[in-house]
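The values are calculated or read from the model by the stated rules, or taken from the named source; none is laboratory data. Keep in mind that what you see is a predicted model, and the values were worked out from it rather than measured. Heads up, the Cβs are rebuilt from the backbone with ideal geometry, glycines too, and the neighbour counts pull from every protein chain shown. Each accessible area value is taken on the protein alone, full model and side chains, heavy atoms only, with ligands, DNA and RNA left out. Shrake-Rupley method; radii C 1.70, N 1.55, O 1.52, S 1.80 Å.
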Amino acid sequence: QVQLVESGGGLVQPGGSLRLSCAASGSIFSIYTINWYRQAPGKQRDLVAAITSGGSTNYADSVKGRFTISRDNAKNSVYLQMNSLKPEDTAVYYCNARIRDSVATMRNYWGQGTQVTVSS
């Protein structure tokens, strides 16, 4: 079975930085597009950033210029570097990936989430 595990969340002051990581493990054949989503209490889960297997990226307007998504295919990992953090960035952040496993089954996978709190 394939699993995604996020890490790197925490409490940071406005203007600070944080780096989130998401590692995939299991019987992986290929990882396609990987996404970072976030969800604040009482709000829907929104797409923050995405990166394709070829390295192309896309960002929500609210984070463009402040966040950077990257991936290390050799480590089956994806990262989200968050700079100039604002209180509105406070949310649980989830990684999501479309993965083909060792028996050629394509599925969407979600990590368990990591809390990011931006506050003075």
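See the values below:
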| read-out | value |
| --- | --- |
| Segment 45-78: trypsin sites (Lys or Arg not before Pro) in DSSP coil with no more than 16 other Cβ atoms inside 10 Å | Arg45, Lys64, Arg66 |
| Percentage relative contact order, the chain, counting C-alpha pairs under 8 Å, at least six apart | 37 percent |
| Estimated distance in nm for a label pair at Gln39 and Thr117, the labels positioned 7 Å out from Cα along Cα-to-Cβ | 1.9 nm |
| ³J(HN,Hα) computed for each position of segment 80-96 - Karplus, 6.51 cos²θ - 1.76 cosθ + 1.60, integer Hz, glycine/proline x | 10, 8, 10, 10, 6, 5, 10, x, 5, 7, 4, 4, 8, 9, 10, 9, 9 |
| Surface share of carbon and sulfur [accessible, 1.4 angstrom probe, percent] for the chain | 45 percent |
| P(r) tail fraction, the chain - alpha-carbon pairs more than 21 Å apart, % | 34 percent |
| Modelled label reach - Thr52, point 7 Å along Cα→Cβ, segment 91-120 residues with backbone N closer than 18 Å | 97-100 |
| Electrostatic dipole magnitude of segment 1-87 [Cβ: Lys, Arg +1; Asp, Glu -1; Cα centre; debye, to 20] | 160 debye |
| Note, ³J(HN,Hα) from phi for segment 49-62, Karplus 6.51, -1.76, 1.60, rounded to Hz, x at Gly and Pro | 7, 9, 9, 7, 5, x, x, 6, 10, 8, 9, 5, 4, 5 |
| Estimated distance in nm for a label pair at Thr105 and Ser84, the labels positioned 7 Å out from Cα along Cα-to-Cβ | 4.4 nm |
